[in-house]
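Below you'll find the structure, written out as structure tokens, and then a few comments.
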Amino acid sequence: VFAAQGARLSLFPTKNQPGLYNPKPGWHVFKWKPLMVLLWQVFYALRHPQKYFRLLAEAFRFHAFMDFAIAWHFSANMQDVDVIYAIFGDHKLFIGHFCSEILNLPLVVTLHAYELYKNPNPELFVYALRHCSQIITVTEYNRELLHLRFGIDPATVRVVRVGVDLEQY
């Protein structure tokens with residue numbers, strides 16, 4: 001929908017295997033390799049020492065060094081970006097959080113379900129949600145769960161239902 005309206009989309013996937021929903025031709029996809037992500041950290045630290053070490057301390061506090069390192073690698077390739085958008089509140093949100101902090105850009109996340117029940121980093125999840133410009137979820141139940149379990153103000157969570165056109169599928 002966004003591309004049809006003229007938006008340029010760039011994807012920064014956390015995994016690089018083919019899946020059910022592969023990128024469309026013409027989308028920019030930035031793949032990463034662990035060794036390159038780690039080697040470039042010295043460059044990022046030298047280029048932006050204050051921000052780098054402030055966020056590194058945050059990454060260690062939340063046991064999220066690899067999310068932090070990937071975010072620096074991704075953010076170096078984010079030209080003409082207006083907003084960081086994470087689909088799912090797992091490592092995609094954590095990387096998005098660090099990218100948002102690095103680039104001083106707004107962060108939006110859409111939460112579905114599993115990340116509310118079996119989140120890989122519950123402490124960073126809540127911290128990152130509190131730094132989001134917008135939180136979207138797919139049900140009223142999830143909005144209430146965000147409030148009861150994670151202390152997120154329900155008024156700050158927008159519900160956008162996900163539907164399937166049964167005539168087409």
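Surface exposure of the chain, expressed per residue as accessible area with a 1.4 Å probe, stands at 64 Å². Taking label positions 7 Å along the Cα-Cβ direction at both ALA57 and LYS118, the computed distance is 3.6 nm, reported to one decimal. Each residue of segment 153-162 was assigned a 3J(HN,Hα) from its phi angle through the Karplus curve 6.51 cos²θ - 1.76 cosθ + 1.60 (θ = phi - 60°); the sequence is 4, x, 5, 8, 10, 9, 9, 10, 5, 9 Hz, with glycine and proline shown as x.
Computed from the C-beta positions of THR14 and ARG161, the FRET efficiency with R₀ = 25 Å rounds to 0.50. Remark: segment 111-169 is approximated by an ellipsoid whose semi-axes, taken from the C-alpha gyration tensor as √(5λ), come to 23, 13, 10 Å, largest first.
Taking a Cβ cut-off of under 13 Å around LEU9, the surrounding Lys, Arg, Asp and Glu residues balance to a net charge of 0, with basic ones at +1 and acidic ones at -1. In the chain the Cα-Cα distances spread across 10 Å bins starting at 0 as 9, 35, 36, 17, 2, 0 percent of all pairs. Around the Cα centre of the chain, unit charges on the Cβ atoms of Lys, Arg, Asp and Glu (plus for the first two, minus for the last two) sum to a dipole of about 440 debye. Ligands, DNA and RNA left out, the accessible area of the chain computed with a 1.4 Å probe is 60% carbon and sulfur. With a ≥ b ≥ c taken as the square roots of the eigenvalues of the C-alpha gyration tensor of segment 28-93, please select rounded if a/c is under 1.5 and otherwise prolate if a/b is larger than b/c or oblate if it is not? Because its axes are fairly even, with a/c under 1.5, segment 28-93 counts as rounded. Rounded to 0.05, the FRET efficiency of the PHE150 and VAL29 pair, given R0 = 22 Å and the Cβ-Cβ distance, is 0.10. Database remark: amide H of VAL159 closer than 5 angstrom to the amide H of THR137 (H placed geometrically; neighbours at sequence offset of 5 or more, or on other chains; Pro and chain starts carry no H). Using the Cβ-Cβ distance between ARG47 and GLU140 with R0 set to 45 Å, the FRET efficiency from 1/(1 + (r/R0)^6) comes to roughly 0.50. Find out how many positive minus negative residues lie around VAL81, taking Lys and Arg as positive, Asp and Glu as negative, among other residues whose Cβ is under 14 Å from that of VAL81. Result for the neighbourhood of VAL81: -2.
Give a quick list of GluC sites (Glu not before Pro) in segment 88-169 that DSSP marks as loop, anything other than H, G, I, E or B, with at most 13 other Cβ atoms within 10 Å. Within segment 88-169, the qualifying GluC sites (Glu not before Pro) (loop, at most 13 other Cβ atoms within 10 Å) are GLU167.
Figure note: LEU39, LEU55, LEU145 ranked by solvent-accessible area, largest first, 1.4 Å probe, ligands and nucleic acids not counted: LEU39, LEU145, LEU55. For VAL29, nonlocal amide neighbours, meaning residues 5 or more places apart or on other chains whose placed amide H falls under 5 Å from its own, are LEU11. Taking all protein chains as shown and a probe of 1.4 angstrom, ASP165 keeps an accessible surface of around 80 Å².
Largest to smallest in accessible area, the residues HIS147, HIS63, HIS97, HIS112 fall in the order HIS63, HIS147, HIS112, HIS97 (1.4 Å probe, all protein chains included). In order along segment 8-21, phi translates into HN-Hα couplings of 8, 10, 10, 10, 10, x, 7, 10, 10, 9, x, x, 5, 10 Hz, rounded to whole numbers, per the Karplus curve 6.51 cos²θ - 1.76 cosθ + 1.60 with θ = phi - 60° and x for Gly and Pro.
Using helices alone, what [θ] at 222 nm do you get for the chain, with -39,500 (n - 2.57) per DSSP H run of 4 or more residues, divided over all residues and rounded to the nearest 500?
On the way: 8 runs with 74 residues, N = 169.
Helices in the chain give a 222 nm mean residue ellipticity of -12500 deg cm²/dmol.
The values are calculated or read from the model by the stated rules, or taken from the named source; none is laboratory data. It should be emphasised that the depicted structure is a prediction, and the values quoted were computed from it without experimental measurement. With ideal geometry, Cβ positions are generated from the backbone for all residues, glycine too; neighbour counts draw on all protein chains shown. Heads up: the accessible areas ignore ligands, DNA and RNA and are worked out on the full protein's heavy atoms, side chains in. Shrake-Rupley method; radii C 1.70, N 1.55, O 1.52, S 1.80 Å.
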